[in-house]
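Peer 1: Dropping the structure in here first, questions after.
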Amino acid sequence: MSASSRALTARQRQSDLLLAGVVFVAGIISAALSAVSGLYGEEQAPLWQAIVYLLVLALPLAARRIWPAQVAVIVSVAYFFAATLRVPEMYAGNIAMFIGLYTVGAWMANRRAAMIVRVSIIVGMFIWLMITMYRDAIDTANEEEIVAGAMSPYLAFMMLQLLVNVLYFGGAYYFGEHAWKAAMQRQSLEQRTEDLEREREVTAAQAVALDRVRIARELHDVVAHHVSVMGVQAGAARMVLDQDPARSKQILSSVEESAREAISELRHLLETLRSNGDYEDAASTVSLADIARLVTASNGAGLPTEYTVVGEERPVPSVVQVNLYRIAQESLTNARRHAGIGATADVRLRYTAEDVELEVVNTGRLVLAPRPGMGQLGMRERTLASGGTIESAPRERGGWRVRVQVPLDAHAELAGASA
């Protein structure tokens, strides 16, 4: 039978050693005084037996939390033999047995075994007590003066002995059980505190990771789009610089405008990073209405693009508007980069009774082995963040198709109305 799974501290080990020493010293004093007073009269055992008895009592107490059951049994058996042999000491033995029973209840991990050990010791002690009381009652009844009418005081004394023993053993059992439950509650609270601390650290790390993903997504969308547009426009300006200076100047003005837009969006992003509010709300600098500007820029960058709005416009949460705008932006950027010469694009925004749908389709090269990149990952993340679904795949006739559906429930409508 082993002790509790709780680890002993150095302070607890020291306190057990100190307890064993105190019991031994107190027992020596008690034994000396009991021997002088003649506790058991002529039947009293010699004093050296008391010293051996006290060593048997005190030494196991130093390991009471390591082997609580064994210590309780040793102390109880030692007390039984000491009382039977009339060893002149009883107080240290009573204290040691109480501590042993208490420790079994307070420290044994196997609660069934703890109950069996304590109940066995208590029942054994009461059987021994009843036998002793019966023997004393027979011996006392043989005395003529007791038979004459002195039996009531003796019975009262026996009842008092029974009551004291009930309180003694009941107290050891109760306080041990109470100490175990308190220790388990404390251990549970400590474990819960550790779990909460770990969860807090994980949550903090996840929050940092999410912020990094969001920042990376925003930077990718802003930089990739505008740099792509500026690259295409700068190439077109270089090609017509000698033949058509006026057209070249017009294209360079578009490059300048794209640069201003990129700087403006980057400034908004930096302001968002410095703010303490919600990231997505603070970053909501664009809306579905701005998709028309994307189409205009796409046309200006050499990718003929058509834009159609189908259905009656409905309130859309600001976060969803930002995400759909960025998905359209990324889709057109990819079309300019990969579709090839002569490609066209079509952007459609549909409003239905249940959802809002964005579809971006472009013609161009036939894609045989699509390779997912940061842009595709960002679009999927934005779709999931909006609670929608996305289809992004090459077309059989060449080009690419992106289709995003975001449900608009009553909660979303209220959020959009209040935005």
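Readers should treat all values here as calculations from the given coordinates under stated rules, not as data from a laboratory. Everything numeric in this text was worked out from a predicted model, so none of it was measured. Every residue, glycine among them, receives a Cβ derived from its backbone with ideal geometry; neighbour counts consider all protein chains shown.
Peer 1: Note the angle between two axes, namely the Cα long axis of helix 291-300 and the longest principal axis of the Cα atoms of the chain, as a number of degrees from 0 to 90, rounded to the nearest 10.
Peer 2: Around 50 degrees separate the two axes.
Peer 1: In deg cm²/dmol and to the nearest 500, what is the mean residue ellipticity at 222 nm of the chain if only DSSP H runs of at least 4 residues count, each as -39500 (n - 2.57), divided by the residue total? Don't skip to the end; give the middle numbers.
Peer 2: Details: 13 runs with 288 residues, N = 419.
One gets -24000 deg cm²/dmol as the mean residue ellipticity at 222 nm.
Peer 1: Could you size up the charge dipole of the stretch 10-198 around its Cα centre, putting +1 on the beta carbon of Lys and Arg and -1 on that of Asp and Glu, and report it in debye to the nearest 20?
Peer 2: 1040 debye
Peer 1: Report the net charge of residues surrounding Val104, where surrounding means a beta-carbon distance below 11 angstrom and charges are Lys +1, Arg +1, Asp -1, Glu -1. Before the final figure, lay out each step's value.
Peer 2: Details: positive: Arg64, Arg65, Arg111, Arg118; negative: Glu177.
That works out to +3.
Peer 1: Among Phe24, Gln187, Gly302, which residue has its Cα positioned farthest towards the positive end of the charge dipole of the chain, with +1 placed on the Cβ of Lys and Arg, -1 on the Cβ of Asp and Glu, and the dipole taken about the Cα centre?
Peer 2: Going by the charge dipole, the pick is Gly302.
Peer 1: The list (i) 70, 45, 44; (ii) 143, 43, 41; (iii) 73, 55, 40 gives values of Cα extents along the principal axes in Å, and only one came from this structure; which label was calculated from it?
Peer 2: (ii)
Peer 1: When the chain is fully extended, how far beyond the present Cα-Cα distance does Trp48 get from Asn299, taking 0.36 nm per residue of separation?
Peer 2: Details: separation 251, 0.36 × 251 = 90.36 nm, distance 11.08 nm.
Stretched out fully, the Trp48 to Asn299 stretch lengthens by 79.3 nm.
Peer 1: Check Asp355: other-chain or 5+ apart residues with amide H under 5 Å from its amide H, H built from backbone geometry?
Peer 2: Leu408
Peer 1: Then there's this: Taking DSSP loops as anything outside H, G, I, E and B, show the longest stretch in the chain free of GluC sites (Glu not before Pro) there with at most 11 other beta carbons within 10 Å.
Peer 2: Between exposed loop sites, the widest span is 144-311.
Peer 1: So how far apart, in nm, are the two label points at Arg267 and Met133 if each is 7 Å from Cα heading toward Cβ?
Peer 2: Calculated label separation equals 9.6 nm.
Peer 1: Choose one of Ala113, Pro88, Thr333: the residue whose Cα lies farthest towards the positive end of the charge dipole of the chain (beta-carbon charges +1 Lys, Arg; -1 Asp, Glu; about the Cα centre).
Peer 2: Thr333
Peer 1: Further question: Given H placed 1.01 Å from N in the peptide plane, which residues other than close sequence neighbours of Tyr307 have an amide H under 5 Å from its amide H?
Peer 2: Hits under the 5 Å cutoff: Val347.
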